[in-house]
Each structure stands twice: as structure tokens, then as C-alpha cells.
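For reference, the structure discussed in these notes is given below.
The values are calculated or read from the model by the stated rules, or taken from the named source; none is laboratory data. Because the structure is predicted, anything quoted here is derived from the model rather than measured. Because the Cβ atoms are built from the backbone with ideal geometry, glycine has one as well, and the counts that use them run over all protein chains shown.
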Amino acid sequence: MKHMRTLEFDHKKATQALNFFAKRAGGKITKLNALKLIYLADRYHLRKYGRPIFSDTYWAMPHGPVASSVKDIFEFSGSDEEVSYAKGYIAPLAGETRPTIQSIKEEDVNVFSDSDIEALEFTQKTFGAYTLGAILEECHKYPEWKKFEEALKSNIVTRELMNYVDFFENPDGRDDHFKMDSEQLKSSKEIFEEQSKISGKWN
């Protein structure tokens, strides 16, 4: 597994992460569940290592944070290159009540760094068995989405652009699966902010 720093959206990581979660959910996974697991894995990795896994753009939506380009991968609506690659590993599954993909090939873990895999495995172990209702509740309690809750619920807006820097905030008075030593979290945030300035990404 190679170490890599991603400054642009990485469709190969996105595809393989969707494949990873589908495999561990019995070979298939719904869109809502998949996108929430993607977000939770990114939250873990960003807070611990100072960079997101996928370098995607997140939107706060009524059902929680959504990684927009990963959503395109799930829906096979990205670029020709992205769709062609995705079709080698995942496929739509007909006959389901919700949009669902199935895994059709083993994951290519070589696209991930060791820390990426750590984040995916943490997320699967911690949240993989959650019901849809439970995982939505989990995703609604963190500050980066919570700040938009009132506007989303009142239908003032249908979505709001999220900022990665807010992922470093902690929830108030709630169980926190992402609790970290304050100095480590501060260090990760500083790494993120420095890389963000250098790259001009992740705003």
C-alpha cells in the first residue's frame, strides 16, 4: 500500500471505498448508507491525519453530509473515466426499494494509504452495523452539519456548502466516536490548514 497525498478528487479511492463498504455489508449497500459511511471515514481521517481521504466537496443536506463526487460515482454519473473505472468494481442492483450498488470485484487496496485503510476499517467496525435511522442520527450530531440544521429543516435552503475546517469541532454534550486528545487534534488542524494554503484546495 503506497502513501499518497491527494489534492484533487480521487475517483479510484471513492470507487474502492464504496466497494469496501458494499463487500462488508454482504455484497451490496444503499446510497444513503454508503454516503454516510464515506463521510464518517473522511471525518476520522481528517481529524487524525490532517487531510481528507477523497478530497471531495461536502454539502449539508436534510439527510446529512453528502460527498458530491462520491455520490456521482455511486450513480455512475461522473466523467467517462470515472464511470468506466467504477463499472469494473461496482454495479447498480435492480429490484431494491432504495438505490443500491453491489460489489462485482475484490477491492484494489493499493489505491489507499495505510491511514486511509485505518479510517475505513474504523468506520466499518464502529458504524457498519448501524440501521439507516441510527447512521443518519449519528451524522446529524456533528457541528459541520449541525450549523445548518435549522435552515435545512425550515426549507430555507435545500443544501449548504460545508467547510472541512468545521470537521475539527467537537459536538456539545454528546457521545463522540471521534474524540481525540486536544493537542493531537490541534496538530492535525494545523497540518490541514497549511496544506490547504499551499494547494488552494479543501476550502
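Quick notes
- All positions within region 73-90 that are surrounded by 16 or more Cβ atoms within 10 Å (Cβ to Cβ) and modelled with pLDDT of 95 or more: Ile73, Phe74, Glu82, Val83, Tyr85, Ala86, Tyr89, Ile90
- Screening Asn155 with (1) part of a helix (DSSP H, G or I); (2) on the phi > 0 side of the Ramachandran plot gives one miss only, at (1).
- Applying a threshold of 9 Å to beta carbon distances and a minimum spacing of six or more residues, or different chains, the list of pairs starting in region 128-142 at a residue that is more than 19 Å from Pro171 (Cα to Cα) and ending at one that is surrounded by fewer than 16 Cβ atoms within 10 Å (Cβ to Cβ) and not β-branched (Val, Ile, Thr) reads Tyr130/Glu137; Leu132/Arg98.
- Region 125-152: number of residues that are assigned to a helix (DSSP H, G or I) and aromatic (Phe, Trp, Tyr): 2
- Residue-level check: of (1) under 14 Å from the mean Cα position of the chain (by Cα); (2) within 23 Å of Gly27 (Cβ to Cβ), Leu93 misses just (1).
Residue by residue, here is whether (1) surrounded by fewer than 19 Cβ atoms within 10 Å (Cβ to Cβ); (2) of a type in the set (D, E, K, R); (3) over 23 Å from Pro92 (Cα atoms) holds:
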position: Glu106; (1), (2), (3): yes, yes, no
position: Glu118; (1), (2), (3): yes, yes, yes
position: Thr126; (1), (2), (3): yes, no, yes
position: Ala129; (1), (2), (3): yes, no, no
position: Ala134; (1), (2), (3): yes, no, yes
position: Cys139; (1), (2), (3): no, no, yes
position: Lys146; (1), (2), (3): yes, yes, yes
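- Criterion (basic (Lys, Arg), surrounded by fewer than 23 Cβ atoms within 10 Å (Cβ to Cβ) and closer than 16 Å to Thr123 by Cβ) met by exactly one of Arg43, Arg24: Arg24
- Scanning region 102-124 turns up no residue that is of a type outside the set (A, V, I, L, M, F, W, C), under 18 Å from Gly64 (Cβ atoms) and assigned to a loop (DSSP other than H, G, I, E, B).
- Of all residues in region 158-187 being surrounded by fewer than 14 Cβ atoms within 10 Å (Cβ to Cβ), part of a loop (DSSP other than H, G, I, E, B) and basic (Lys, Arg), the one that is nearest to the chain's Cα centre (by Cα): Lys179
- Residues that are hydroxyl-bearing (Ser, Thr, Tyr) and on the phi > 0 side of the Ramachandran plot do occur in region 50-69, at least one of them.
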